[in-house]
Amino acid sequence: MCAHVGTSWDDLRFGGFIQQAISLKYCFLLTTTMNGTHLAMHSTQGSDGGSSQPFPCSMKTDRTQKMLQTESTNGNAAEYDIVHFAKNRYSAKAYDPSRKISDQDVEKIKELLRYSASSVNSQPWHFILASSDEAKEKIAKSTDRIYPFNSNSIRKASHVVVFCSKLDIEEDYLQRVLQQEEKDGRFAADPAMKDRMHAGRNMFINIHKQDMKDVQHWMDKQVYLNIGSFLLGVSAMGIDATPMEGIEVKVLDDEFGLRERGYSSLVAVTLGYHDPEADYNAKLTKSRLPYAEILTEV
């Protein structure tokens, strides 16, 4: 059997509830709904006391069964933990042009872009979010000549995000970052922290400007931090994505006048919903090196 219990987080303070549920062999899952975050409780014990087929505690691993299209417009609940999305996301190779990302989910995509981590909160990035055919055609110009295998996905995806990096990180920009931090209340408890924050940020940036002389590379790395969290985030929303370094940067920069604005493009990411017939990558097993190769635990 499978029982749903809509339990607010305030209720979780009652330890007896937790102990009782554990004794009944329940599986707990975070459930995000239109009304907020709840606890989904699923029994792993059948009515006869034997083992049942729990759903969705028993995780499906076949990536061709993309069950979790968590579209906020229909209020479906996301009932998998973050590891599920890490294991099941992949780069879609074909998109269904008839399926569009909802306006509500587009707003969430913008939030993901804005709230990424960056070293010393430097945020040295800019994004182009393209949804119209005209805008996507401009992006496709950067792939048509050398990387034509990327062009079809750009044209058929619901949206495309171009991730751009700053070309310089000037004092007036750093002052704007500092003013925004103050506006957002980061120094309310300790006003003297404002000057310390500015000095510390400048120290790290000047190391890359003056000593290591790699400030452009350092800023690019901050953008890649954003891309990594972004790909996982949209996967958790049930949205397919494909990161593309196969772009002619100068072509793309010229199309959007990026260099005149102090930016240069790095990566394009297509977004939407894959075409299950044409997307060969959806049918392939995900492959990663074993822990023995990549991980040292000390």
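So here's what we get for this one:
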| read-out | value |
| --- | --- |
| Alpha-carbon gyration tensor eigenvalues x 5, square-rooted, for segment 185-254, Å | 31, 22, 10 |
| Relative contact order of segment 233-298, defined on C-alpha pairs under 8 angstrom at six or more residues apart (%) | 33 percent |
| Restricting segment 210-298 to trypsin sites (Lys or Arg not before Pro) in coil, as DSSP defines it, with at most 13 other Cβ within 10 Å | K213, K286, R288 |
| Local electrostatic count, S122, Cβ distance below 10 Å [Lys/Arg +1, Asp/Glu -1] | +2 |
| Accessible area expressed per residue, segment 133-222, with surrounding protein chains retained (probe 1.4 Å, Å²) | 56 Å² |
| Kirkwood hydrodynamic radius over Cα pairs of segment 160-298, then Stokes diffusion coefficient at 37 °C and 0.692 mPa s, in µm²/s | 177 µm²/s |
| Cα gyration tensor, segment 237-278 - rounded (a/c under 1.5), prolate or oblate | prolate |
| Separation of alpha-carbon centers, segment 206-235 and segment 248-290, rounded to whole Å | 17 Å |
| Segment 212-291: radius of gyration over Cα atoms, expressed as a fraction of 2.2 N^0.38 Å | 1.38 |
| Environment charge at A94 (Cβ cut-off 11 Å; Lys +1, Arg +1, Asp -1, Glu -1) | -3 |
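The values are calculated or read from the model by the stated rules, or taken from the named source; none is laboratory data. Here the structure is a predicted model, which is why all the values come from computation and not from measurement. We place every Cβ from the backbone using ideal geometry, glycine too, and count neighbours over all the protein chains shown. Please note that ligands, DNA and RNA were not included when accessible areas were found on the heavy atoms of the full protein model with its side chains. Shrake-Rupley method; radii C 1.70, N 1.55, O 1.52, S 1.80 Å.
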